[in-house]
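The values are calculated or read from the model by the stated rules, or taken from the named source; none is laboratory data. For clarity, every value in this text was computed on a predicted model and none was experimentally measured. Here the Cβ positions follow ideal geometry from the backbone for every residue, glycine too, while neighbour counts run over all protein chains shown. Accessible surface is based on the protein model in full, side chains and every heavy atom, while ligands, DNA and RNA are left aside. Shrake-Rupley method; radii C 1.70, N 1.55, O 1.52, S 1.80 Å.
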Amino acid sequence: MVDDIFFSGNALRAVDTEGRTILPPFVLKALERRCGSARVVLGPHETDPCISGYDEAHEAAVYADVERRRLREEERGFSPAAHHARARRAFGAAERAGFDSDGAITLPPMIRRKGRIGALALFVGTGGSFEIWDPQMAREAGGEVLRELVDFALSDGAQATEAEG
């Protein structure tokens, strides 16, 4: 993995009834440059009602963060319950999904349910990872920036465009 290659951009994508969609170019380019693998790790976001996605090489950074937080909490005398919940979310609830050279991917059923993904998915870059939101959920729970992204993505003519950083 290259530390200075980030997931930066956003795109709205259609999702069929089987959970198939197309990863946007900003995700595909970052995945290719970060690890070259045709697999992505998907799991529930720690705090928001969406899906987090990242390349397999980023999994080591996720583990390091989980351990850093565990050690800090142990030093402060906190119960290990938060650590175990965090580890189960980060690793037990995560699934790998393959995609083809065009970015076609099938979102795993459990992941799709957890993210409440329906007929549309809003992909949002967040640096070392990306998020996949149901547009209505992003409007309701995602804050001002996500509301603006959804409103623009759903506006006339914007559905065929994609913002990339």
* Asked: So which of Ala64, Ala38 ends up being aliphatic (A, V, I, L, M) and in contact with a Phe, Trp or Tyr (Cβ under 9 Å, 6 or more places away or on another chain)?
  -> Ala38
* Scope segment 119-141; condition assigned to a strand (DSSP E or B) and under 14 Å from the mean Cα position of the chain (by Cα); matching residues -> Ala121, Leu122, Phe123, Val124, Gly125, Gly127, Phe130, Glu131, Ile132, Trp133
* Restricting to segment 1-46, what's the tally of residues that are touching a residue at least 24 places away in the same chain (Cβ under 8 Å) and of a type in the set (S, T, N, Q)? -> 3
* What do you reckon, is Leu28 part of a helix (DSSP H, G or I), within 15 Å of the chain's Cα centre (by Cα) and either over 12 Å from Leu107 (Cα atoms) or of a type in the set (S, T, N, Q) (or both)? -> yes
* Asked: Is it the case that segment 86-103 has a residue that's on the phi > 0 side of the Ramachandran plot and modelled with pLDDT of 90 or more?
  -> yes
* To do: Determine, yes or no, whether Glu131 is acidic (Asp, Glu) and either in contact (Cβ under 8 Å) with a residue 60 or more places away in the chain or open to solvent by 90 Å² or more (accessible area, probe 1.4 Å) (or both).
  => yes
* Residues of segment 71-98 that turn out to be open to solvent by 60 Å² or more (accessible area, probe 1.4 Å), under 30 Å from Thr21 (Cβ atoms) and either free of Cβ contacts under 8 Å to residues at least 24 places away in the same chain or of a type in the set (A, V, I, L, M, F, W, C) (or both), as a count -> 3
* Asked: If we keep just the residues of segment 9-66 that are β-branched (Val, Ile, Thr) and touching a helix residue (DSSP H, G or I) at 6+ places or on another chain (Cβ under 7 Å), which is most open to solvent (accessible area, probe 1.4 Å)?
  -> Val62
